[in-house]
Amino acid sequence: MRESDGIMVVSVPDGSVCRCGEQMGAGERAGFDPARDEVICLHCLADRRAGRPQVLQRRQPAPAPVPAHHPGAWAPAQPTPRRSGTPGTLTTVLIAAIVVALVGGAVVFRAVGLAPRTATRAYDDPTAYVFMNTTSRGAPVTWDPCLPIELVVNSAAAPKGSDTLLAEAVERVNAASGLRLHVAGPTTQVPRPAKSARDLTNGLPGSARAPVLIAWTTPEVVPGLKGSIVGLGGPVHRFGNSLDREKYVGGSVDLDGPQLAEILQRPNGHARARAVVMHELAHLVGLTHVDNPTQVMVASNGTATEFGRGDLAGLAALGSGGCPYDLTPDSP
């Protein structure tokens with residue numbers, strides 16, 4: 001809700017930092033000043049609204065020391081094979097959330113983290129699906145099923161056969177969900193891994209109310225693709241208001257072309273590479289990770305190359321969001 005001072009209270013992504021030094025976790029509430037493109041912690045927001053001076057550096061609690069090499073010490077997770085147990089298989093992860101205020105609502109580029117390795121034995125469970133976001137009534141947040149979802153493709157680092165991979169993945173998502181993803185054509189728009197709040201309202205591919213950007217790219221362009229990471233992406237989530245319900249209104253997918261080219265050379269490589277694209281497109285339309293290895297949406301150790309019963313049930317629900325949505329264009 002926007003107050004008289006123009007500040008909106010929103011849920012912020014992990015890594016957001018106030019000018020006072022306060023670090024905020026994913027989902028934490030904070031103020032957002034669209035005029036300054038600035039996130040404000042609730043402490044500073046309270047000070048501002050009470051007329052108190054701005055705190056220049058708020059004291060932060062020091063982390064408890066952990067002995068080096070202690071079994072409980074934290075260390076970055078090692079890359080975990082996602083599609084099979086063989087060395088060198090690649091994983092997928094989505095990029096971080098960025099909050100932006102719009103007239104009548106707020107938009108956020110949603111994040112999904114890579115789930116830990118699991119050794120769970122599972123069957124093809126039709127309830128094995130999880131929605132990325134749900135409304136206050138428990139319904140999944142969806143795209144407008146009455147409008148096509150246009151995709152534009154930057155093929156700068158595309159492997160041979162990329163058009164077929166994307167077309168087959170789109171066909172499977174459309175058939176399962178009833179949504180209408182449509183490849184509208186090529187684009188020279190490059191991915192922007194460090195999206196600012198204003199980037200999500202600039203009208204370029206990958207922003208709100210614009211075509212989805214599918215980019216075949218490299219780690220040099222998108223640093224998040226370094227190492228074993230092969231895909232980044234997700235939807236732009238617009239929160240609702242009294243006139244319009246929340247929904248997805250844009251998004252992007254970045255695919256590591258050179259790494260997928262290497263996957264294509266392996267046994268059953270086409271199906272495995274296509275499953276990576278299917279996985280990312282399913283994130284785009286609103287599914288997140290599950291721990292059932294029979295599903296394409298498993299976070300790691302999956303061997304599925306076609307949607308499982310859980311994937312199919314989740315995608316079907318995401319295509320039943322109802323029509324029509326308010327089509328009034330957003331503005332910063």
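Please work out if Thr217 is of a type in the set (Val, Ile, Thr) and at pLDDT 80 or above. So Thr217 passes the test. Annotation note: of Pro219, Pro193, the sole residue that is surrounded by fewer than 21 Cβ atoms within 10 Å (Cβ to Cβ), over 17 Å from Gly250 (Cβ atoms) and not hydroxyl-bearing (Ser, Thr, Tyr) is Pro219.
Restrict the check to segment 264-285 and report whether at least one residue is touching a His at 6+ places or on another chain (Cβ under 9 Å) and either surrounded by fewer than 22 Cβ atoms within 10 Å (Cβ to Cβ) or among the β-branched types (Val, Ile, Thr) (or both). Yes, that holds for at least one residue. The set of residues from segment 294-311 being at pLDDT 90 or above and either buried (at least 20 other Cβ atoms within 10 Å of the Cβ) or β-branched (Val, Ile, Thr) (or both) comprises Thr294, Gln295, Val296, Met297, Ala304, Thr305, Phe307, Gly308, Gly310, Asp311. The strands (runs of 3 or more DSSP E) found wholly in segment 1-47 and carrying at least 2 residues that are at pLDDT 65 or above and surrounded by fewer than 20 Cβ atoms within 10 Å (Cβ to Cβ) occupy 8-11, 29-33. Annotation: of all residues in segment 222-260 being buried (at least 18 other Cβ atoms within 10 Å of the Cβ) and assigned to a loop (DSSP other than H, G, I, E, B), the one that is modelled with the highest pLDDT is Val222.
The values are calculated or read from the model by the stated rules, or taken from the named source; none is laboratory data. Note that this is a predicted model, so its numbers are computed, not measured. Note: ideal-geometry Cβ built from the backbone for every residue, glycine included; neighbour counts use all protein chains shown.
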